[in-house]
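Everything below concerns the one structure shown next.
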Amino acid sequence: MFHQKKAKFKGAYLAESAAEVPNPGRGWYQVYSFDVREAINEEELKWCLDVQEHLALVTLDIGCCRDRDLSDEELLNIRRIFDFFASHGKQMIVRTVYDREGKGPEREPETFALVLQHIRRLGPLFAKYAPYILTLQGLLVGSWGEMHDSRYLSDEKLCKLTKTMWEATGGTCCLSVRRPVQRRILCASPDGAKWRIGLFDDGLFGSASHLGTFAEGEYGAKNAVDGQGRLIDSQPWPAYEELDYLDRECVRVPNGGEAPGSELSQKEILDTMRRMHLTYLNRIYAENVISGWKRANYSGDDAVYQGCSLYDYIGLHLGYRFVIEGVSAVPDRGAPVQDEKTFSPFGKWRRRSETLTLTLTIRGRNVGFGNLYRPAHLTLIARGSDGSEVRKRLGIDPREWDAGKEFRIVAEWSGIPVAGADETPWREELFLRLKQEDGETIWFANRSAKNLLPIGTVLGWRPQEDPAS
């Protein structure tokens with residue numbers, strides 16, 4: 001709180017909430033599979049949608065094209081699928097596959113050139129719908145499209161597939177690979193620095209290696225290091241080393257998957273999810289794992305979430321979750337401006353006063369497992385005693401509010417001292433609003449938050465219009 005002759009600030013009550021916040025680009029998902037030869041039945045499909053989910057994993061089966069290119073009609077069917085999910089407010093995790101039965105080598109094209117041609121045909125369509133795509137999972141090949149059991153996943157071919165997809169989409173979509181070692185191989189390639197590559201771990205907790213996501217057993221651990229004991233980037237590493245890698249290198253790309261097992265303790269499960277920076281998880285598979293999480297009570301140290309189930313706690317923390325923890329303000333009087341009465345050299349009364357710049361310091365924390373990946377704008381809003389509203393857009397990039405870390409915002413807002421009328425102090429209510437570039441609101445996880453978060457009240461100060469807002 002600050003005190004000035006004509007100004008006073010009182011911060012709002014700011015407390016973390018255990019409620020679900022309807023934020024885009026994160027959370028639980030279900031799988032929706034399509035054969036691209038068939039037109040969708042929108043009326044039937046819409047009854048399968050969960051209105052509380054913001055994500056959908058859309059599987060596009062192009063196995064019919066193992067010996068030919070995609071037809072215009074098949075591309076039109078894909079466009080209609082994308083239109084459907086976009087029109088229902090779902091951001092898509094898109095996986096294109098030749099196989100949905102674990103028979104990848106049998107159903108992939110006979111030539112690598114045809115795989116690349118399919119990518120080139122699909123790329124412009126993916127680019128067109130990029131605002132509705134969280135990530136592209138896999139690179140078409142492998143059983144279930146999971147990038148294993150394929151003749152086309154040598155290091156050279158892996159890089160060629162990725163480069164072709166990146167160029168075909170114009171770099172508009174994030175890509176996801178099945179194993180961290182694949183990501184390291186890609187990042188070490190000549191073009192790797194510009195590719196945005198996350199992880200989809202569909203073996204989460206299925207075994208100590210997450211069903212082959214990490215190095216398998218003692219033999220795998222030995223192969224992970226050279227003669228000097230240094231980790232080899234082109235080899236899978238043991239789980240603890242891979243988790244360190246993901247925690248360090250994969251904060252700002254979406255990571256997710258599904259959990260076929262859950263043998264670990266609750267603490268180990270949550271620590272792993274935090275280190276992997278999980279953004280999305282399958283809420284259907286595996287049913288025994290999900291039901292077990294729903295039966296278990298959260299037993300961690302976050303007091304505000306006591307009483308939640310483990311399933312609810314995980315769901316609340318998938319992706320980003322922003323909490324504002326405190327706001328302070330300091331006034332700074334500046335040069336005179338025309339406002340209050342003073343005597344001029346010409347014998348006439350003029351109105352002059354000082355400016356009063358409000359410097360706000362806002363402390364917050366991203367308590368989620370992951371980050372925000374879409375550009376968004378943070379705006380300060382002041383609502384005056386007379387119902388007027390003034391806005392100031394802040395030059396802040398919320399994508400840099402990293403998971404598990406505190407963030408700090410310092411904002412200056414010029415105004416003037418105002419006494420108010422009838423001995424009632426002039427009052428400005430201050431709010432924060434966070435919106436993606438597409439206009440979708442991001443809620444703060446505070447108890448008092450809705451689409452706006454009240455952060456405090458200023459008495460005796462009125463802000464000036466900000467031309468940039």
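The values are calculated or read from the model by the stated rules, or taken from the named source; none is laboratory data. A quick note: this is a predicted structure, and the numbers were derived from the prediction, not measured. All Cβ positions, even for glycine, are placed from backbone atoms using ideal geometry, and neighbour counts span all protein chains on display. Accessible surface areas use protein heavy atoms only, side chains included; no ligands, DNA or RNA. Shrake-Rupley method; radii C 1.70, N 1.55, O 1.52, S 1.80 Å.
Accessible surface calculations at 1.4 Å, restricted to protein heavy atoms, place the stretch 402-469 at 51 Å² per residue. DSSP beta bridges fully contained in the chain are about 70 percent antiparallel. Between the entries (1) 198; (2) 161; (3) 147, the label attached to volume of the Cα convex hull per residue in Å³ calculated for this structure is (1).
Measure off, as a whole percent, the carbon and sulfur share of the 1.4 Å-probe accessible area of the chain, all protein chains present. Carbon-and-sulfur percentage of accessible area, whole number: 48.
Note on Phe112/Asp466: beta-carbon distance plugged into 1/(1 + (r/R0)^6) with R0 of 60 Å gives a FRET efficiency of 0.65. The equivalent ellipsoid that matches the C-alpha gyration tensor of the stretch 1-129 spans semi-axes of 45, 17, 14 angstrom, in descending order. Ordered by solvent-accessible area of protein heavy atoms (1.4 Å probe), largest first, the residues His317, His54 come out as His54, His317.
Annotation: the stretch 66-208 has a Kirkwood hydrodynamic radius of 15.5 angstrom, from the mean reciprocal C-alpha pair distance.
Evaluating kT/(6 pi eta Rh) at 4 °C and 1.567 mPa s, with the Kirkwood radius of the stretch 2-64 over Cα pairs in the Stokes-Einstein relation, gives 79 µm² s⁻¹. A straight chain from Ser299 to Asp247 at 0.36 nm per residue would run longer than the Cα-Cα distance by 16.4 nm.
Work out the FRET efficiency for Arg79 and Glu406 from their Cβ-Cβ distance, taking R0 = 35 Å, and round it to the nearest 0.05.
0.20
With the whole protein complex present, Glu167 retains an accessible surface near 120 Å², based on a 1.4 Å probe.
Full-extension gain between Lys267 and Gln52, please, as 0.36 nm times their residue separation minus the C-alpha to C-alpha distance. Between Lys267 and Gln52, full extension yields an extra 74.7 nm. The Cα-based radius of gyration of the stretch 358-442, divided by its Kirkwood radius, gives an Rg/Rh of 1.06.
With 20 Å as the limit on Cα-Cα distance, the pairs of Lys163/Lys435; Lys90/Lys435; Lys157/Lys194; Lys46/Lys103 that go past it are Lys163/Lys435; Lys46/Lys103. The alpha-carbon of Lys8 sits under 17 angstrom from the alpha-carbons of these aspartates and glutamates, leaving out residues fewer than 8 places away in its chain: Asp332, Glu354, Glu412, Glu423, Glu428, Glu429. Going by alpha carbons, how many degrees (0 to 90, nearest 10) lie between the helix axis of 112-128 and the longest principal axis of the chain? Helix 112-128 sits roughly 20 degrees off the main axis of the chain. Under a model in which nothing but the beta-carbon of Lys, Arg (+1) and Asp, Glu (-1) is charged, the chain shows a dipole of about 2080 debye around its Cα centre.
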